Amino acid sequence: MISVEHVTKRYGKHTAVDDVSFHCEPGTVTGFLGPNGAGKSTTLRVVTGLTPATSGRASVNGTDYRKLPNPGRHVGVLLDASAQHGGRTGREVLGLTAQVLGVPRTRVGELLEVVGLNRTAAKRRVGNYSLGMRQRLGLAQALMGDPTVLVLDEPANGLDPEGIYWMRGLLRDFADRGGTVLLSSHLLREIEAIADHLVVIGNGRIAADGAKEELLAGTGVLVRGLDAGLLAGALERTGLPATRHADGSFVVDAEPVAVGRAAAAAGIVLTELRRADGGGLEELFLTLTRGAPADGGDAGVLPPHAPRPTEPAQQTQPTRQDAAEVAR
Amino acid sequence: MTAVTYAPPLVGAKEPTRPGMATLTLVEMRKMIDTRSGKWLLATIGLLSVAAVTIGVIVGTRTDRTFLNLFLFTLLPTAVILPVLGILLVTTEWSQRTALTTFTQVPQRPRVAAAKVLAGVAFSVLSLLTSLLMSAIGNAVVVALDRGSGGWRLPATDLGQALLLVTLSVVMGIAFGMVFLNSPFAIVLYFVAPIVISAVTGIFDAIRETMLWLDVNSATAPLAGESLTGEQWGHLATASALWILLPLALGLLRLSRSELK
């Protein structure tokens, strides 16, 4: 379990993290999202005792990380897979960790197998590893002490699709057996596929915090007709609040039956009428973090093909706290 | 690649104890040995004492060639290179960014610093043992070739002073490493700063006398020679406080507060 309570971190006048609170429960995977520079890594460093919070507190399994006698036995941490001595072999990196944590040497071989680094790879120096291999090695390091909590910063970075699929299974399995996972990523599809719980941070503040289903649930009804213009007129006449999308469809904040009646009354042929499935994580993310620092972070977050939402999504869920403020 | 499931018990794990100082020290020593660069550094230290003994056997007068003199001769290069080992014990963690892992696994940073000091001292002792072995071999050669007096005397005072010299050298290196957290900076300043300060202050007669108390190089040099006089011990104490203890304290502060990116 991870608890972050009113954590604020200031560097001089700059507030990197501003009154951030959230909890990660055992048995869940929490996706921690936000543009670059939003405070994700700072928050994770506060959680893992690397950076002292200016105010507030973070705890892991009810204890301040730095007060855990042997933290690696409770919390597996992977903050930066590339932060390894290039001259050490993969096996040696794990050997050192095993020695510090006081776990049997045999764990090294076991974990090399778990993360899919074969004998040849294990004997090579980390300097010759690809980023994906380093992520696997870092994950092995994090799992070395049989932790109940995992804190991972961008673990899918550099992994190939097969590796991402593998990691998803591993983390899901870890959580299903009662483990707590907190992972940050800017690979939104990845987070969407694995997380049960989402925490979105923008400008150092929590923009959204809730179950993935709740946050991603669509609102209203999607409707499409043969003639978009006629449909728009019909919806307007019946006073149904509708948002027109670029592809000619509409999202209407009403029940499907009301929309169907309005179309029938005007004699309009509908080609599609269903509950809207929400814009997905990408739309949620862009909506909630709009107005985040213009340090080019957006570019790193947004895939080039990503459609920008035409309108900010309706903010009806109570869990989307501060959304309006952040989106302003 | 097949997915291997990872299935340890997640619940009911016993409360693990924190790693002891001996473990941490062994880990720090292992970190120096398990990389190619570290191995080369250690090999260099060994090779330097071989070189020193060889030179000692070849040059010098017949009466000079004793076990003690050969041993003291090896201390000159050793005392120069051990601080570099001390510096690298600390700064490599920053240049290779492994400090992130180290301090995540052991959040009490002063404990890590203490382990590094102990590891440095252990390496100093090992280098001293190497020097003793090489000097013994050198002296045996001298005796066999009948090129020297063949004395095997090694007074405890000389051994003690030698031990102090190598220990102070490596600890000063570690202190500089912690102050700068950057290999080139720490190495250059370690060698240059005491020399520059001595040279500059040496210009003024008035403070030359005072400098004897503050110059770490001139204060430690007599350790590889005759027994120190009372005043020399005084010089050593004050100079060490200024150049070793003070940087050690500052370095500990820097290490504890340094933000790891």
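Of the strands (runs of 3 or more DSSP E) lying entirely inside region A:199-249, those containing at least 3 residues that are of a type outside the set (S, T, N, Q) and buried (at least 22 other Cβ atoms within 10 Å of the Cβ) span A:205-211, A:221-225. Restrict the check to region A:4-12 and report whether at least one residue is within 18 Å of the chain's Cα centre (by Cα) and either away from chain B (no Cβ under 13 Å) or not in a loop (DSSP other than H, G, I, E, B) (or both). Yes, some residue in region A:4-12 is within 18 Å of the chain's Cα centre (by Cα) and either away from chain B (no Cβ under 13 Å) or not in a loop (DSSP other than H, G, I, E, B) (or both).
Residue count for region A:154-198, restricted to those that are under 21 Å from A:Asn61 (Cβ atoms), charged (D, E, K, R) and not in a helix (DSSP H, G or I): 2.
Given the options A:Val60, A:Val114, name the one that is more than 18 Å from A:Gln135 (Cβ to Cβ) and among the hydrophobic types (A, V, I, L, M, F, W, C). Only one candidate passes the filter, namely A:Val60. Only one entry in A:Ala175, A:Ala195, A:Ala207 is at pLDDT 95 or above, over 20 Å from A:Arg275 (Cβ atoms), assigned by TED's automatic domain parsing to the domain that holds A:Arg107 and within 21 Å of the chain's Cα centre (by Cα), namely A:Ala175. Just checking, does region B:71-82 include any residue being at pLDDT below 95 and over 22 Å from B:Val171 (Cβ atoms)? Yes, that holds for at least one residue. Given the condition assigned to a helix (DSSP H, G or I) and either under 23 Å from B:Val50 (Cα atoms) or not aromatic (Phe, Trp, Tyr) (or both), answer yes or no: does some residue in region B:147-155 qualify? Looking for residues that are assigned to a helix (DSSP H, G or I) and either under 23 Å from B:Val50 (Cα atoms) or not aromatic (Phe, Trp, Tyr) (or both), one finds none in region B:147-155, hence no.
The helices (runs of 4 or more DSSP H) found wholly in region B:162-254 include none carrying at least 3 residues that are out of contact with any helix residue (DSSP H, G or I) (no Cβ under 8 Å at 6 or more places or on another chain) and buried (at least 19 other Cβ atoms within 10 Å of the Cβ).
When A:Ser21, A:Ser41 are checked against the criterion of being in contact (Cβ under 8 Å) with a residue 40 or more places away in the chain and touching a His at 6+ places or on another chain (Cβ under 7 Å), A:Ser21 stands alone in meeting it. Taking strands (runs of 3 or more DSSP E) as the structural unit, those lying wholly within region A:17-136 and holding at least 2 residues that are within 11 Å of chain B (Cβ to nearest Cβ) correspond to A:75-78. Candidates B:Arg97, B:Arg30, B:Arg111, B:Arg62: the one that is surrounded by fewer than 23 Cβ atoms within 10 Å (Cβ to Cβ), outside any helix (DSSP H, G or I) and either within 14 Å of chain A (Cβ to nearest Cβ) or in contact with a strand residue (DSSP E or B) (Cβ under 8 Å, 6 or more places away or on another chain) (or both) is B:Arg97.
One residue stands out among those in region A:143-184 that are among the acidic types (Asp, Glu) and more than 9 Å from chain B (Cβ to nearest Cβ): the one that is surrounded by the most Cβ atoms within 10 Å (Cβ to Cβ), which is A:Asp153.
Taking the numbered list (1) farther than 30 Å from A:Leu143 by Cα; (2) in contact (Cβ under 8 Å) with a residue 12 or more places away in the chain; (3) in a helix (DSSP H, G or I) in turn, B:Leu133 passes all entries but (2). Criterion first (crowded, with 19+ Cβ neighbours inside 10 Å, touching a Ser or Thr at 6+ places or on another chain (Cβ under 8 Å), polar (S, T, N, Q) and at pLDDT 95 or above) does B:Thr91 satisfy it? In short, yes.
Considering A:Gly62, A:Gly87, the condition of being in contact with a helix residue (DSSP H, G or I) (Cβ under 8 Å, 6 or more places away or on another chain) and farther than 25 Å from A:Pro104 by Cβ is satisfied by A:Gly87 alone. Annotation note: of A:Thr106, A:Thr148, the sole residue that is in the same structural domain as A:Glu190 (by TED's automatic domain parsing), over 20 Å from A:Gly169 (Cα atoms) and out of contact with any helix residue (DSSP H, G or I) (no Cβ under 8 Å at 6 or more places or on another chain) is A:Thr106.
Rundown of residues vs (1) modelled with pLDDT under 95; (2) in contact with a helix residue (DSSP H, G or I) (Cβ under 9 Å, 6 or more places away or on another chain), yes/no style:
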site	(1), (2)
B:Pro16	yes, yes
B:Thr35	yes, yes
B:Val59	yes, no
B:Thr102	no, yes
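Given the structure, is B:Leu212 over 14 Å from the mean Cα position of the chain (by Cα) and under 23 Å from B:Ser127 (Cβ atoms)? Spelling it out, it is not the case that B:Leu212 is over 14 Å from the mean Cα position of the chain (by Cα) and under 23 Å from B:Ser127 (Cβ atoms).
The values are calculated or read from the model by the stated rules, or taken from the named source; none is laboratory data. Just so we're clear, the structure is a prediction, and the values are computed from it rather than from any experiment. As a convention, Cβ positions derive from the backbone with ideal geometry for all residues, glycine included, and neighbour counts pool all protein chains shown.
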